[in-house]
Amino acid sequence: MLTIPAWLDIHAARRGASEALVGAHRRLNYAELAQRSWSMARGLHSLGVSRGSHVGVLASNTVFNAESFFSIAAAGGVYVAYNWRWSAHELAEGILETGAELILCEAGFAPLLTQALQILATDAETLPAVVVQGEEEEALRAAHPSSPVPVTVGLEDPLCIIYTGGSTGRSKGVVLSHGAAMANALNEIVDCRLGSRPEERGLIVTPLFHSAALLCWLLSHFVAGATSVLAPKFDEESFQEWVESERITNTFMIPNMLRKMMDVGALDAPVFRRQLKAVHTGAGLLRMPDKQLFADVLPSADLFFRYGLTEAGPMVTRLRSEDMLDPRVDGSIGQPYFMVQAQLLDPDDQPVAPGELGEICVKGPSLMSGYYGRPEETADALRGGWLHTGDLATQDERGYFYFRDRLKEMIKSGGENVYAAEVEQTLHLHPAVLEAAVVGVPDLKWDEEVRAAVVLRTGATVTTEELSQFLRQRLAGYKIPKQMVFLGAEALPRSAAGKLVKARLKQDLGWIA
């Protein structure tokens, strides 16, 4: 496998005039991307960046951010993705924890970074240097030639540090190597056909500080020689504008984005049928009613579902478009990617039989090197040579996996295990339900009481009694939520990755102190 610096030169020679990056204010072809990346790499070296140096990036979905990623890789440095939704205190913690020597900052986030550095000044002996997007950045680039830097980057060298979604606890910095990132990109290209169509143009609407956007979309399209289009925000109106103006052929949306688009009829515009060839989704639930609706709205587009986590690089399993409407695998997260081994293990790390519940454990070249600065947590997660995901699933005889729940979110009620994801998936089968979140709430009688927050589709009506009856036809009685509340979609608290934050939901609803 080749590293990013090698691919910069290969694409500059083979596809120099083809568009590589498109953003709201800039577009670059592959020749320009290589030239600017090598110039910035030289500039970074002049500021002391060397092989293995940590370079923080605080930026949204912009060409500046994408260029920074490729430039840092070309310099041999490590791209550290900071979440621009963090508070100044959280950003200061991230900078301190990862030991960034330099930070590349989008102009609009300069005030946030200034606040964070002021906080950091009380705890750190030295502060990182800062290069702000605009005149400062361009002057640094212009002062140095665009020839490759004299640094040899290997597949084992760290490429990036990406923070986990943090939906069940404090985020951790995950270190991923050049080899891990390339293995994931090849998995995407082989198994999900990213970059396989002529003039492939992928729209990135999820944040680049998460692995799905950075490694599954930006890097995979780059390796395939396709075009990455970076949308600074996501809403129905701007999404249609990007698809139409930039001739978008594929995109990734988390399920609640996709459901909302279909719920309000935003995908009914003719441009989507004309342009979109594939939509990919993951990091949430998608059941048959939503899949059937997608097929009705966009009959000529492929739909892919994928499961993964940052620690895995990130992808583990995928449900291909040809499986989507197969009722035998409804609710499945699919089969392992091309270069991924996955198995289910019991608490003693022994394999379980088909149909039995176990923890998803993963092996392959795309796995993380570890959690940055957390050797004990790394050793625990990677014990026995397998990444222990903390996710529970079953597997059928054909090798399809069925996600059941996070280990940390399993509900213990009346001596029985209740898997919140199972109840949520069943609620999603009801035609009136758009979103559902199931949680356990401390209870003196039952240990934990099962409760649910439900969002209905536009114009739909249903009562708590009707939903309970619907569930009783499909689930054991102890799994039925003893309390249900109906909320608007905006009331479901989400992480920056779009995942439900159940601890915050319980606090918002007064279900925990």
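The values are calculated or read from the model by the stated rules, or taken from the named source; none is laboratory data. Treat the numbers as computed from the prediction; the structure is a model and nothing was measured. All Cβ positions, glycine included, derive from the backbone under ideal geometry; neighbour counts span all protein chains shown.
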What are the pairs with Cβ atoms under 7 angstrom where one residue, in region 59-83, is within 19 Å of S171 (Cα to Cα) and the other, located anywhere, is surrounded by fewer than 24 Cβ atoms within 10 Å (Cβ to Cβ) and of a type in the set (S, T, N, Q)? Sequence gap at least six, or different chains. V78/S53; V80/T98
Only one of (1) modelled with pLDDT under 95; (2) within 23 Å of A6 (Cβ to Cβ) does not apply to G202, and that is (1)
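Within region 84-95, is there a residue that is polar (S, T, N, Q), buried (at least 19 other Cβ atoms within 10 Å of the Cβ) and modelled with pLDDT under 95?
There is no residue in region 84-95 that is polar (S, T, N, Q), buried (at least 19 other Cβ atoms within 10 Å of the Cβ) and modelled with pLDDT under 95.
Would you mind finding the one in G385, G390 that is on the phi > 0 side of the Ramachandran plot, in contact (Cβ under 8 Å) with a residue 24 or more places away in the chain and out of contact with any Asp or Glu (no Cβ under 6 Å at 6 or more places or on another chain)?
G390
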Take region 1-41 and flag every residue that is surrounded by 16 or more Cβ atoms within 10 Å (Cβ to Cβ) and β-branched (V, I, T). T3, I4, V22
Determine whether R274 is of a type in the set (K, R) and in contact with a Leu (Cβ under 8 Å, 6 or more places away or on another chain). no
Restricting attention to region 292-307, the residues that are free of Cβ contacts under 8 Å to residues at least 60 places away in the same chain and surrounded by 19 or more Cβ atoms within 10 Å (Cβ to Cβ) number exactly 5
Output the residue which, of all residues in region 435-450 that are surrounded by fewer than 22 Cβ atoms within 10 Å (Cβ to Cβ) and among the charged types (D, E, K, R), is farthest from D290 (Cα to Cα). K445
Select from region 44-75 the residues that are within 18 Å of L203 (Cβ to Cβ) and among the β-branched types (V, I, T) and list them in ascending order. T62, V63
If V80 passes every condition in (1) over 17 Å from P145 (Cα atoms); (2) surrounded by fewer than 24 Cβ atoms within 10 Å (Cβ to Cβ) but one, which one does it miss? (2)
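Within region 16-63, which strands (runs of 3 or more DSSP E) (wholly inside it) include 2 or more residues that are closer than 20 Å to F109 by Cα?
54-58
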Would you tally the residues in region 150-165 being among the aliphatic types (A, V, I, L, M) and part of a loop (DSSP other than H, G, I, E, B)? 3
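Within region 215-232, how many residues are under 21 Å from the mean Cα position of the chain (by Cα) and either surrounded by fewer than 16 Cβ atoms within 10 Å (Cβ to Cβ) or not in a helix (DSSP H, G or I) (or both)? Walk me through how you get there before you give the answer.
Filtering region 215-232 for residues under 21 Å from the mean Cα position of the chain (by Cα) gives 215-224, 226-232.
Those left that are additionally either surrounded by fewer than 16 Cβ atoms within 10 Å (Cβ to Cβ) or not in a helix (DSSP H, G or I) (or both): 226-232.
Residues that pass the stated criteria total 7.
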